[in-house]
Structure formats: structure tokens, C-alpha cells
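The structure is given below, and queries will be raised subsequently.
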Amino acid sequence: MKEKYGYYFRWAVTVISIIVVGVLFFFFIFRLDTILGFFGKILSILSPVILGAGIAYLIHPVVDSLEKYLSRFFRFCNVPIRITRFLSKAISITLSLGLLITLIGVLLSLVIPEIYSSIVKLANDLRIYGNNIYAFISNHLESNPELLSSIQTVLDKLYASVTDWVNNVLLIQAQNLMSALTVGIIGATKIVTNLVLGLIISVYLLISKERFTGQCKKLLYTLLKPEKANVALYIFRRSDRIFGGFISGKLLDSLIIGIICFVGVTILNMPYPVLISVIVGVTNVIPVFGPYIGAIPSALLILIVSPKQCLIFIIFILVLQQVDGNIIGPKILGDSTGLSPFWVVVSILLGGGLFGVLGMLLGVPTFALLYFLVKTFSEYCLKNRNLPTASLCYCRIEKIDPDTGHIVFFQKEVPSKKSAQHARSSKDLLDAIDAASSKSKKKGVPPSKEIQEEKEP
């Protein structure tokens, strides 16, 4: 029966699968709003779980570090192993969540009221600052009345726009935020409930992290063959390293920059130190463009008060960003993404254009993961074909003979196997190619498998 009807059964399964895929594609195209609404409802229901998973993912490095040191301490005190595991895990989770809640509490109780008072002061003193700017320009352009008139016209329009934005947008939003924090927070039961449930779920996830990890690996090896499951685990580990290292490192880097900015602005006696520090610190989360996005509105706020202090602030921000880019950032982040500056800019522009500010933040690690997957697949295929994996090796290649597998360079010959084995980098390999080309003028070269494969730096 199997031999007689197996062929027809396979054709029936194929036809049914095509029909099902066609129906699903039809509903996806013509019922897109309904599908998005359904998934949006699911995400809304699972928002406490997502929040808890995010909290657990962000603080689990701190929990692991504390647990390691506490375990050493309890073992040093000759505490039994079972009690040591329980106490170290419980204390590390409690301390980590306590630190997180304390930071959020400090932010809400100290920083936000200062920001609100700075916005109110800015709205009240805006006319005084405008008059100071008018007087400054008039004193320096008395000899050129036409230019003075043109600049005053532009400043009138700018002043009207800034006043309207501060009074009708910025001040109203700040008042709504303060009222929500002082009066309406109790009524916002959904937010409070989601936050409490998220904290509880994060505790469960951190406690049962090993069990959940084991269950996921068990399911993975159940569904896939060991070879493919090993590759999937490697990809998951690399993804965790890219996303976790970048996000947690960038948040810590932005916090440090915000604190340094607050100290520097306070020492330089500039206006709105808390507001400016928060703007600089928050926008610093966005790679490459973040420092400039935060520096421009901050400089404009200081410019309204004092043009001289604005110039000093710009110099200070440039120095601070150089310190961050060359000292603080590399120490914290390292090379967590492995992307060149070109691909970083591309990922930020693409992510920001598609998903806004969140896309600008997550675009870099997402693109880094895609870059890693493409690079790994490319190197895997090249190794199977006995071809070198270093990108610089292909700069001199004119073609590869499809029949013999010989590499033909542009008047250059592949080095001997001995010299290729001594090449420690792609640059050394290219130097060996140059040396080999001076000994021979052949265009055909030995098979490419004689090239020592080098990892791309």
C-alpha cells in the first residue's frame, strides 16, 4: 500500500500545502489590519511578561556577578552547598532589583522635578532672554542697519516659534507628567499592575534561569539533529553577546556620560544643568548621531541665556564626546558589534527610518547579527570549496578557474604553501603574494587549497 499510494499521497500533501499557503497569503494581504490588531492585542495582554523578560535580561549580568562573589564568600565560610546556592541567588536577585528600583526612584523623585522647574523657568524667562539677544545683536550691528533689520525679522519668527513650542508643547507635557507622578499615578492602575507583575515575572525568570535554559536546549535537540542544533546554539550565544553587550553597555555608557555632563555643566555654572544632562545622557544611547541630537537642543537652550556660554558648552560637549568615543565607550562596549563605521551608519539610518528612535537603538545590534550570519555562511561555503576566507585575499583575484579551481590574480601569483602558512594576517598574505609574483610571471596559479585560511581581522 505504501509503495502503491505513496506517490499520490505526496502529491496530495503538496497540493493541500499550496492551497493553505495561498489562503494564508490572501488573508495576510487583504486582512492586514485585522492581523495586526490581533497581534497588538496579544502583545498588550503579554506586556507584563515582555516587561519582566526585559528587566531580567538587563539585570542578569549583575545578578550573575553578585552570585559568583557571594558563592565564594559562603564557601569560604564553610556554608553547605545547597544553602550557599539558595542564599547567593536570593541575595543577588534582591540586591539587583533593589538597585534598579532605587535608580528609578531617584530618577522620578529628583531628576524629573528639576527638569520640570527648569522648563517652567525657561518659559517664564523666555522674553528676558529674547531681549538680551536683541540688545547683544543691536550693539554689534549698529553700523549696518539693513543687516540688523533682517536678523531681527528672523529672530522675531524664531522667538515666536520657540515661545509657542515651549508654552503649548513642552510646558503642557511637563505639567501632565508631574500631575501623573503626584496625583494620577494611583489612578494609573494598569501601569502600576504591569510594573508589579513585570518585577514578579523577572524574579521567577532569574530564579529558574537554568531550568528554562535546559528546557529550551532539550526542545532544540528534540526538533533538530545534533549538528544543526549545535549551530543554532552557537548563533543564539552570539546573538546574546551582541544584543546584551551592546544594550547594557550603551545604557551604562550613557549614564556615565550624563553624570559627567552634569558635573561639568555645574562647574561651568551653566543654566539648566539637570535638563541638559538628561538630554545629553538619553540621546547618547543612540550611536553616532545621538551626541549631536542631544547637543543641538541643549546648545540652543544655553544660547537663549548666553551666547558666550553656548560656545563654551559646544567645546565642552566636543571634548566629552571625544573622551566617550575613544576611552569610555571602547572600555565598556569593546567590539561588541564587529561592524565598520559605514555599516553602523547604514543600520542607524535604516532602523530609524523604519521604527523611529527604538529602531535607531536596536538597528545596530540587529544589523550586526545579520552581518555575522551572512559572514559565517559565506566562510562556511568558502571553506567547503577550499577557498581563503579573508576578504583582503580577494582584492587581487581576477578570476577562479571553475574547472581546475586555480586562482588567477592580476599579474600576481599565489604564494607557496610554506610562505602562506607563515602569514599571520591578510596583509601578510598579500605581501607573500607580492613576493611570489617577483619569482614567477605565470598567470595560472596552484590550487587555492594551498592558501592558509586566515580569519578576517
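The values are calculated or read from the model by the stated rules, or taken from the named source; none is laboratory data. Note that the structure is a prediction, hence the values are computed from the model and not measured. A quick note on method: Cβ atoms are made from the backbone with ideal geometry, for glycine too, and the neighbour counts reach across all protein chains shown. In case anyone asks, the SASA skips ligands and DNA or RNA and just uses the protein heavy atoms, side chains included. Shrake-Rupley method; radii C 1.70, N 1.55, O 1.52, S 1.80 Å.
Give me the accessible area of residue 228, 1.4 Å probe, in Å² rounded to the nearest 10.
Near enough 130 Å² of accessible area.
Now, a different point. Report the calculated FRET efficiency for residue 114 and residue 72 (r = Cβ-Cβ distance, R0 = 56 Å), to the nearest 0.05.
Working: r = 41 Å, r/R0 = 0.73.
My answer for the efficiency is 0.85.
Also, I was wondering about something else. Two decimals is fine: what's Rg over Rh for region 185-271, C-alpha atoms, Kirkwood radius as Rh? Kindly include the intermediate steps, with their values, before the conclusion.
Details: Rg = 21.0 Å, Rh = 17.4 Å.
On the Cα set of region 185-271, Rg over Rh gives 1.21.
Can you give the FRET efficiency for residue 343 and residue 263, using 1/(1 + (r/R0)^6), R0 = 41 Å, r = Cβ-Cβ distance, to the nearest 0.05?
Working: r = 34 Å, r/R0 = 0.83.
For residue 343 and residue 263, the calculated efficiency is 0.75.
Using a 1.4 angstrom probe on the protein heavy atoms only, line up 343, 11 by accessible area, largest first. Provide the component values of the computation, followed by the final result.
Values: 343 90, 11 140 Å².
Putting 343, 11 in descending order of accessible area: 11, 343.
Next question. If you count only protein heavy atoms and use a 1.4 Å probe, how large is the accessible surface of residue 33, to the nearest 10 Å²?
Result for residue 33: roughly 130 Å² accessible.
Once the piece of chain linking residue 311 and residue 94 is laid out straight, how much longer is it, given 0.36 nm per residue of separation minus the C-alpha distance between them?
Working: separation 217, 0.36 × 217 = 78.12 nm, distance 4.58 nm.
Here the answer is 73.5 nm.
Let me ask something else about it. What distance in nm separates the simple spin-label points at residue 82 and residue 318, each placed 7 Å from Cα in the Cβ direction?
According to this spin-label approximation, the distance is 6.6 nm.
Right, here's the next one. Take the solvent-accessible surface of the protein heavy atoms, probe 1.4 Å, and return the percent of it on region 201-359 that carbon and sulfur atoms account for. Could you put the intermediate results ahead of the total?
Numbers: 6720 of 9070 Å².
The computed percentage sits at 74.
As a test of understanding, state the convex hull volume per residue of region 204-346 from its alpha carbons, in Å³. Could you put the intermediate results ahead of the total?
Details: hull volume 20.5 nm³, N = 143.
Here the figure is 144 Å³ per residue.
What percentage of the solvent-accessible surface of region 1-106, computed with a 1.4 Å probe over protein heavy atoms, is contributed by carbon and sulfur atoms?
Numbers: 6480 of 8470 Å².
Taking all protein chains in place, region 1-106 shows 77 percent carbon and sulfur surface.
With 30 Å as the limit, write out which pairs from 228/250; 89/218; 68/225 have Cα-Cα distances beyond it, or answer none. Display every interim value, and only then the final one.
Numbers: 228/250 33 Å; 89/218 24 Å; 68/225 34 Å.
Over 30 Å apart, Cα to Cα: 228/250; 68/225.
How much length is gained on full extension from residue 252 to residue 64, taking 0.36 nm per residue of separation minus their Cα-Cα distance?
Details: separation 188, 0.36 × 188 = 67.68 nm, distance 1.70 nm.
So the chain would gain 66.0 nm between residue 252 and residue 64.
Once the piece of chain linking residue 296 and residue 49 is laid out straight, how much longer is it, given 0.36 nm per residue of separation minus the C-alpha distance between them? Spell out each step's value before the answer.
On the way: separation 247, 0.36 × 247 = 88.92 nm, distance 3.73 nm.
The residue 296-residue 49 span can extend by a further 85.2 nm.
Just reorder 217, 250, 308, 68 by solvent-accessible area, largest first, 1.4 Å probe, all chains present.
Values: 217 80, 250 20, 308 155, 68 100 Å².
From most accessible down to least: 308, 68, 217, 250.
Return the whole-Å distance between the Cα centroid of region 5-84 and the Cα centroid of region 281-351.
Using only Cα atoms, the two centres lie 34 Å from each other.
Report the Cα-based extents of region 1-71 along its three principal axes, largest first, to the nearest Å.
Principal extents (Cα only, largest first): 67, 39, 14 Å.
Report the calculated FRET efficiency for residue 241 and residue 132 (r = Cβ-Cβ distance, R0 = 60 Å), to the nearest 0.05.
The computed FRET efficiency comes out at 0.70.
If you don't mind, another one. Checking a compactness column here: for region 225-287, what do you get for Rg(Cα) / (2.2 N^0.38 Å), N being the number of residues? Each step should come with its number before you reach the end.
Numbers: Rg = 19.0 Å, N = 63, 2.2 N^0.38 = 10.6 Å.
In units of the globular-protein estimate, region 225-287 measures up at 1.79.
I've got another one for you. Separation between the residue 358 and residue 156 pseudo-spin-labels, each 7 Å from Cα along Cα→Cβ, expressed in nm?
Each label point is offset 7 Å from its Cα along the Cβ direction, giving 4.5 nm.
Using a 1.4 Å probe and ignoring any ligands, DNA or RNA, find the accessible area of residue 20 and quote it in Å² to the nearest 10.
Surface open to solvent at residue 20 totals about 70 Å².
Note down the net charge around residue 71, summing +1 for each Lys or Arg and -1 for each Asp or Glu among other residues with Cβ under 13 Å from its Cβ.
Details: positive: 68, 72, 75, 82, 85, 89; negative: 64, 67.
Neighbourhood net charge equals +4.
While we're here: Only Cα pairs under 8 Å and at least 6 apart count here; give the relative contact order of region 210-352 as a rounded whole percent. Don't jump to the answer; show the numbers that get you there.
Values: 88 pairs, mean separation 33.7, N = 143.
Computed over region 210-352, the figure is 24 percent.
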